[in-house]
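The next block holds one structure in the form of structure tokens; read it before the comments.
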Amino acid sequence: MASYTRRVRYKNRKRNVNVGARPGSIIIPDDALPPQIAMYSFNEGDLQISKGSDIKTITQQIAKCSDHTHWIKINGLGDARLMEDIGTLLGINQLVLEDIVNTHQRPKFDEYDGYVFGTSRIIYFNKDNELVNCQFSGIVKDNIVISFEESHLDYFEVVTTRLKAGKGTIRTGGPGYIFYALTDTILDNYFVILSQIGDMIDQTEDKLYQSADKSIMFDAQQLKRTLIIIRRACWPERDKINDMIRSESPEITKETKLYLRDAYDHCIQAMDMVESYKEVTSSIIDLYLSMVSNRMNEIMKVLTIISVIFIPLTFIAGVYGMNFSREDTHGHVIKDNMPELYVQHGYVYALIGMFLIGAIQVFIFWRKGWFNKL
């Protein structure tokens, strides 16, 4: 029977294992994509956009727009030379660059002299219905915010749209506000995927009540695993945002912290939804197992009633099937040796007796209400 829920597959991603490597080593994964750079330089009245794939795109735009705030958006981490050039240009610690290319980081927020660094987890379903869990990294320094993403997917299209529109605080809030906007977009998309999972859970529950089969348990377990992945992203994200709120760094302004408090509330709400959905999926599995157990008990009850009815009938048939002889070899009648075998119409009487015994048992079970509970 076809499942109502979508099969969830998890995109396999290799982890870099470099035992004994020097701290700060920039080791690019084999499957890393080539970088695509989009640079947005803006102030209250102007927005300049340039695109490229090397460090010249960044240096030329910074020199051209010296009085602008710059958002350097890098999609793809497949160029170690570019990472080293960015580190040299902005004075970024090698350990930070290592964390950027090592894309299995836990969400965190670190403060350094002159800049701050943070990571988050981007989670979404791709077009092949695979659950993708990739890393977002961001650096805020002076009037520059630089973001790093593993894929070429335009995950922050809503932020670039707001920049182009030029309304609200997006152009005047500074690089710290841009970093907040990117973090808030990641959190908002958690709610999108949680909404999808909620629909899957509802479909699984409907299937459980309508036509339960073993695929329900598999679907519920897949949903539970997905929720665990989201929880692993949400839980440290809360600590990261809390660290940003408490930060004394000038890169995170007092005005930005007001918005971060709202993002903190969103993170708590997402965590509550994850925990609630986890309990529901566990309940679905428990309910299915209980239904299977109850169904087995009902089957065993039917078989037990049938066995109880036939036990006395089997006993009678067994007694009269022993075939003891009534006479010995000399023709003498042997006393007490099953004279009923020679009674006229004895076979009919035995059948009638067995039928009456079975009917009486069925009547007693019916009066006790056993058949009503089958």
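The values are calculated or read from the model by the stated rules, or taken from the named source; none is laboratory data. Since the model is a prediction, treat every value here as computed from it, not as a measurement. Heads up, the Cβs are rebuilt from the backbone with ideal geometry, glycines too, and the neighbour counts pull from every protein chain shown. Please note that ligands, DNA and RNA were not included when accessible areas were found on the heavy atoms of the full protein model with its side chains. Shrake-Rupley method; radii C 1.70, N 1.55, O 1.52, S 1.80 Å.
At-a-glance table
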item	result
With Cα atoms, 0 to 90° folded angle of helix 254-319 axis to the chain main axis	10
The chain: projected area of the alpha-carbon convex hull, averaged over directions, in nm²	32.8
Rounded to 5, the percent of DSSP beta bridges in the chain classed as antiparallel	80
Average projected area [Cα convex hull, region 21-108], square nanometres	6.6
Choice from 57, 281, 304 with maximal GNM fluctuation in the chain (Cα, 10 Å cutoff)	304
Most mobile of 68, 152, 332 in a GNM of the chain (Cα contacts under 10 Å)	332
Listed residues 111, 98, 298, most fluctuating in the chain (Gaussian network, C-alpha, under 10 Å)	298
Residue-wise HN-Hα coupling along region 50-56, computed from phi with Karplus coefficients 6.51, -1.76, 1.60 (Hz; x: Gly, Pro)	9, 9, x, 9, 9, 5, 4
Accessible surface of region 16-100, 1.4 Å probe, proportion on carbon and sulfur as whole %	47
Nearest 10 degrees, 0 to 90: helix 346-367 Cα axis against the chain principal axis	40
Heavy-atom surface of the chain, accessible at 1.4 Å and reported per residue (Å²)	55
At most 10 other Cβ within 10 Å, DSSP loop - trypsin sites (Lys or Arg not before Pro), region 104-213	127, 167
Flagged links, alpha-carbon separation over 31 Å, of 141/224; 141/278; 51/127; 108/224; 167/257	141/224; 141/278
Reciprocal of mean inverse Cα separation for region 146-301 (Kirkwood radius, Å)	18.3
Mean projected area in nm² (Cα convex hull; one quarter of hull surface) for region 289-366	7.4
Sites residue 291 and residue 365, calculated FRET efficiency, Cβ-Cβ separation with R0 25 Å, nearest 0.05	0.50
For region 38-182, fraction of C-alpha pairs farther apart than 20 Å, in %	46
Residue 188-residue 315 FRET efficiency (beta carbon distance; Förster radius 56 Å; 0.05 resolution)	0.15
Using alpha-carbon coordinates, inclination of helix 215-246 to the longest axis of the chain, degrees	30
Of all accessible heavy-atom area on region 211-298, the percent that carbon and sulfur account for (1.4 Å)	52
Under 13 Å, Cβ to Cβ, from residue 146 - net charge with Lys/Arg +1 and Asp/Glu -1	-2
Reciprocal of mean inverse Cα separation for region 238-298 (Kirkwood radius, Å)	14.6
